[in-house]
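*Asks:* What follows is a single structure, and I will ask about it in a moment.
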């Protein structure tokens, strides 16, 4: 458990430094570690909430969140994240959804541009994108920001700092909605005792996330972190797909 907690702290540090929660990698690590797949979304979503709460508050205080722009997207994604959390899934289906989500996230991270000029994006497209990612987030037990943010970069929705601010808030809201769905699906009592066994992981991401948020990008370039994250996420995705279906 110490090794797993150390990995969680490292993931939280790296992801918090770029405004993410790390849910996609937490779920991959838990699945590869052999944790009961029914507990994985709950643990990962709680870790997400711990990591991104501070960042979301700081972004909002810095005036980087345009509530008029982001509220419609959150109002679409949150109910679908909640609904996704309610859906019972077999292990092979869960691992497949998670693996495909992570693989798509890795590709999007590789394609993300370093510099861009914001442009106008049709609102119906943004709402559909937000809702689809929200549903996927609820099903797979992630906040969705690691996929949403690279897509927003690709379509040049806003400047990078505002996208990071939105991604942090998006992860927080969707993680809370998805967690509620997961708890209602399985029952709080059936999840509480097993989940407490992994309480050390929550402390690890609290420390790692705070350090990552404070250090930010002071010492490591955003591009290097993004590429390393994409490689790790892509590797985890392939491992999960292999675990679910065997060799292709």
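*Asks:* Is it true that some residue in segment 43-63 is in contact (Cβ under 8 Å) with a residue 60 or more places away in the chain and part of a loop (DSSP other than H, G, I, E, B)?
*Replies:* For segment 43-63, residues in contact (Cβ under 8 Å) with a residue 60 or more places away in the chain and part of a loop (DSSP other than H, G, I, E, B): present.
*Asks:* Which of the residues spanning segment 21-33 are surrounded by fewer than 23 Cβ atoms within 10 Å (Cβ to Cβ) and at pLDDT 85 or above?
*Replies:* If the condition is that a residue be surrounded by fewer than 23 Cβ atoms within 10 Å (Cβ to Cβ) and at pLDDT 85 or above, then 29, 33 are the ones that fit.
*Asks:* Just for segment 31-42: of the residues that are assigned to a helix (DSSP H, G or I) and in contact (Cβ under 8 Å) with a residue 40 or more places away in the chain, which one is farthest from residue 148 (Cα to Cα)?
*Replies:* That would be 32.
*Asks:* Another one. Would you mention how many residues in segment 2-26 are at negative phi and in a loop (DSSP other than H, G, I, E, B)?
*Replies:* Number of matching residues: 4.
The values are calculated or read from the model by the stated rules, or taken from the named source; none is laboratory data. Computed from a prediction, not measured in an experiment: that's the story for all the values here. Neighbour counts run over all protein chains shown; Cβ positions are idealised from the backbone, glycine included.
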